[in-house]
1. In debye, nearest 20, what is the charge dipole magnitude of the chain about its Cα centre with +1 on Lys and Arg Cβ and -1 on Asp and Glu Cβ, if you could check?
2. Please enumerate, by chain and number, the aspartates and glutamates with C-alpha under 12 Å from the C-alpha of residue 186, excluding those fewer than 8 residues away in the same chain.
3. What are the ³J(HN,Hα) values, in whole Hz, obtained from phi via the Karplus relation 6.51 cos²θ - 1.76 cosθ + 1.60 with θ = phi - 60°, for each residue of the range 260-270 in sequence order, with x given for Gly and Pro?
4. Using the crude model of +1 on Lys and Arg Cβ and -1 on Asp and Glu Cβ, and no other charge, please compute the dipole size for the range 205-273 relative to its Cα centre, in debye to 20.
5. Starting from the Cα of residue 41, draw a straight line to each of the aspartates and glutamates and keep only those under 18 Å, dropping any in the same chain fewer than 8 residues away.
6. Which residue fluctuates the most in the chain, going by a Gaussian network model with Cα springs under 10 Å, if the choices are 67, 173, 245?
7. Just to be sure I understand: with springs between alpha-carbon atoms less than 10 Å apart, which residue in 108, 54, 84 has the highest mean-square fluctuation in the Gaussian network model of the chain?
8. Would you calculate the separation in nanometres between label points at residue 61 and residue 41, each defined as 7 Å from the Cα along the Cα-to-beta-carbon direction?
Amino acid sequence: MAVNENQLETWSAQGSIQQSAATYKTISGVLNDTGSPYCLKSFDTFLQGSYGNDTNVWADSDVDVVIRLTSVFYSDTDALSQGDKANYDQNRSTAEYSLGTFKEEVTDWLTKNLGQGVKAGSKAIYVPGNNNRRDADVLACAEHRIYHNYPANGNPSYLEGIMFWSKDGEQIINYPKQHSSNCTTKHQNTNGYFKPTVRIFKNIRNRMINEGRLQDGIAPSYFLEGMLYNVPNNLFGTNFQQTVINCFNHIYGIQDKSQLTCANGIHWLLRQGHSVCWSPDNHNTFMEAFKQFWNDF
């Protein structure tokens, strides 16, 4: 047996749009308010996650908001030549304002404006919803740069991302803007099939969790997007049933999956013990559960 086309069309539908948009409007309005204690610093705000990438399903709740400090940035200069490193050091200045202070001020400002339910977690700041908005996670982070070169004259070249610290002291570097841009390009190159297919896989994951076939947390949406990003464009299309079969069989049949990348095109998708990578064991668990669910449906 297999999941029929009508059911897959239902699962391909995008979840709430209006309430998530209203949530982001309210929270970004607070974050960008000129009365905040950090208002004179340079920063930007944007959506990430399922709502930011238009892959949200009806079961999704939290809206993921990023506020990125850009007046202070962290650097990786390992790839620079000795001369370029000297140029970098000559232009480098020590920041008096820290990411830790920024997160504290953002947390206090959100609490002042949105209530005592605001709590700073191990990574993000949780903002509870109400009748007008959804729950939200606000990630206070800083700009991160991996420098490719740093000439004496002219602008340096670097890869731009975000960086934050978890409460246990782990430095986490990621690339949400590249992830979002690549997902949009993939969607366009598959004649609009990529994002609905992601939503189908997410809905099947949620169904498996509800039925006790899969433990919650084994297959985060971010990694499902990354997995499907690696499927060739020509395997999407015709209809949803054939697309899902093509996508699953392609990934399942790859013998060496170590070269698969996340949708940002920078991190590896499958690696053990890396916070920005999917555990190979969890990936295998998801794939076997998915195959069983599909055959049993």
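1. Once rounded to the nearest 20, the dipole reads 320 debye.
2. Answer for residue 186, where 12 Å is the Cα cut-off: 225, listed by chain and number.
3. Those phi angles translate into 5, 10, 5, 5, 6, x, 10, 7, 5, 6, 10 Hz.
4. Here the range 205-273 has a charge dipole of around 60 debye.
5. Those aspartates and glutamates meeting the cut-off are 33, 96, 104, 105, 108, 143.
6. Residue with maximal mean-square fluctuation among 67, 173, 245: 245.
7. Maximum fluctuation in the GNM of the chain, among the listed residues, is at 84.
8. A separation of 2.9 nm, rounded to one decimal place.
The values are calculated or read from the model by the stated rules, or taken from the named source; none is laboratory data. The structure displayed is predicted, hence computed values, not measured ones. Reconstructed Cβ throughout: ideal geometry from the backbone, glycine too, with neighbour counts over all protein chains shown. Quick note on the areas: whole protein, heavy atoms, side chains included, nothing else; ligands and nucleic acids left out. Shrake-Rupley method; radii C 1.70, N 1.55, O 1.52, S 1.80 Å.
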